[in-house]
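Visitor: The following block contains the structure, expressed as structure tokens.
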Amino acid sequence: MSELHRTRRTDVVIIGAGILGAAAAFHLAEAGHRVAVLERGAPNREGSGTTAGNLHIQGIHTRRPGQDVPVDSERFLPLQRAASERWSTVEKRLDADVELRRGGGFMVAETAEQENELHEKREWERAAGIATELLTGDQAREWLPLLSDRVRAATWCALDGYANPLLITPAYLAAAFRHGAQVHAFTPVTGIDRVVGGYVVHSGDRSWSAPVVVNAAGPWIGEVAALAGIALEMAPVVIQMHATVRVPPVMRHLVQHIGEGMSVKQVTAGNLLIGGGWPARPVTTAGRGTASMASLTGNLAQACRVLPFLAGLRLLRVWAGPLAATPDEMPVIGEVPGHPGFLVAGGTYAFTFAPLWGETLRALVAGDRPPEPIDDLGPGRLTRRTETPLRKGSCPR
């Protein structure tokens, strides 16, 4: 049999080389597992490479524009705290500079109702062990004079920050490679057979057998699950980002809005990145989208309202990036009921949670307790229980 047609045996097949797949590959390979990562295109090209790179550690706003179901931001907080702890050591563990910056962040309010949300959020943060400070508008402007007079209150969290999305995923993959992981770019998965002892994953004429499959395919997570006979209720969503021209350092903090989707920060290169989950034009069948003029004008007007100096900067670039959304807007991670060894990881705020989810997937593969409780985030809530028939063959370890 030729090398092309031979089924390769490994311990874990990871589908998707975005930040979640890369983080999982690192933690699993570091723990001694044989790992194969299959990516349909170039690694980090899709949602992970087009995201804003924010590290959201204080409570988040509950709705991006056009979002039907609000996020349970109180449930997020223990996960954000745990993720923050892991981000603090990620550069040392990966032996790489990923432009990790913990410049702190403001969450601003413009109305009395939004200010009440800040008070409630701060109590949740206190209970979760996340240090935040409640400021009046004037106090916030003393710290960041760029804020407009419309800001009537804010919370401050020193742990908020940024990592370069173009550096962190390659750093995870490089570290995984040093531990023996194999990364196969431009290798779209075309079939998944369940066999005795595991799965056989196909990409055209090539195949890999393993007792464990990790589906971290981002916007295509539902399509990949369907190849294994799993109906997973997830859908791709495309959001857009905006970048100004480079300017000298003017703002080292992340600024977000409690009542609206908005995030603004200055990255190391000097550009101001403006986002907040505003939708791009409808997603195509290929899972892609193009920028929306309505979202561009809406997002920029909102950002200039809070940070008026932005109005004097020239817009350099707009882009759209896909993400995977669940119907309840919560993350999904865990083993699919009825499909032993088939794990799923994805959903919202995957960038912030990546170090935590990578460690969680390692624990699940090993049969260990996850670092944080995740029973309510499992894929069972998104599936119709199915049993995929076994094909002839086996998956020897």
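Visitor: Cβ-Cβ distance below 9 Å, separation of 6 or more or different chains: which pairs start in region 38-56 with a residue that is free of Cβ contacts under 8 Å to residues at least 60 places away in the same chain and end on one that is assigned to a loop (DSSP other than H, G, I, E, B) and open to solvent by less than 20 Å² (accessible area, probe 1.4 Å)?
Guide: Note: pairs meeting the criteria are R45/A17; R45/G18; R45/E39.
Visitor: Something else about it: Take D149 and decide whether it is under 30 Å from G137 (Cα atoms) and free of Cβ contacts under 8 Å to residues at least 24 places away in the same chain.
Guide: yes
Visitor: Can you name the residue in region 108-149 that is assigned to a loop (DSSP other than H, G, I, E, B) and buried (at least 19 other Cβ atoms within 10 Å of the Cβ) and is also nearest to the chain's Cα centre (by Cα) among such residues?
Guide: Result: I130.
Visitor: Hey, any hits in region 217-240 for a residue that's in a loop (DSSP other than H, G, I, E, B), under 20 Å from W87 (Cβ atoms) and not charged (D, E, K, R)?
Guide: no
Visitor: Suppose the filter is over 30 Å from G259 (Cβ atoms) and either open to solvent by less than 10 Å² (accessible area, probe 1.4 Å) or not aromatic (F, W, Y) (or both); does T10 pass it?
Guide: Yes, satisfied.
Visitor: Considering only region 182-198, how many residues are free of Cβ contacts under 8 Å to residues at least 60 places away in the same chain and surrounded by 16 or more Cβ atoms within 10 Å (Cβ to Cβ)? If you could, list the steps in order and put the result at the bottom.
Guide: Residues of region 182-198 that are free of Cβ contacts under 8 Å to residues at least 60 places away in the same chain, as a first pass: 190-192.
Within this subset, residues satisfying the condition of being surrounded by 16 or more Cβ atoms within 10 Å (Cβ to Cβ) are 192.
The qualifying residues number 1.
Visitor: For R317, work out the one condition from (1) under 17 Å from H242 (Cα atoms); (2) within 15 Å of the chain's Cα centre (by Cα) it doesn't fulfil.
Guide: Of (1) under 17 Å from H242 (Cα atoms); (2) within 15 Å of the chain's Cα centre (by Cα), only one is false for R317: (2).
Visitor: Going through G277, G261 one at a time, which residue ends up being open to solvent by less than 20 Å² (accessible area, probe 1.4 Å), at positive phi and not polar (S, T, N, Q)?
Guide: Values: G261 fails: at positive phi.
Step by step, each of G277, G261 is checked, and only G277 is open to solvent by less than 20 Å² (accessible area, probe 1.4 Å), at positive phi and not polar (S, T, N, Q).
Visitor: What tally of residues in region 330-340 results from selecting those that are surrounded by fewer than 19 Cβ atoms within 10 Å (Cβ to Cβ), out of contact with any helix residue (DSSP H, G or I) (no Cβ under 7 Å at 6 or more places or on another chain) and in contact (Cβ under 8 Å) with a residue 12 or more places away in the chain?
Guide: 1
The values are calculated or read from the model by the stated rules, or taken from the named source; none is laboratory data. Keep in mind it's a predicted model, so treat the numbers as computed, not measured. Cβ coordinates were reconstructed from backbone atoms using ideal geometry, including for glycine residues, and neighbour counts include every protein chain displayed. The accessibility values were calculated without ligands, DNA or RNA, using every heavy atom of the protein model including side chains. Shrake-Rupley method; radii C 1.70, N 1.55, O 1.52, S 1.80 Å.
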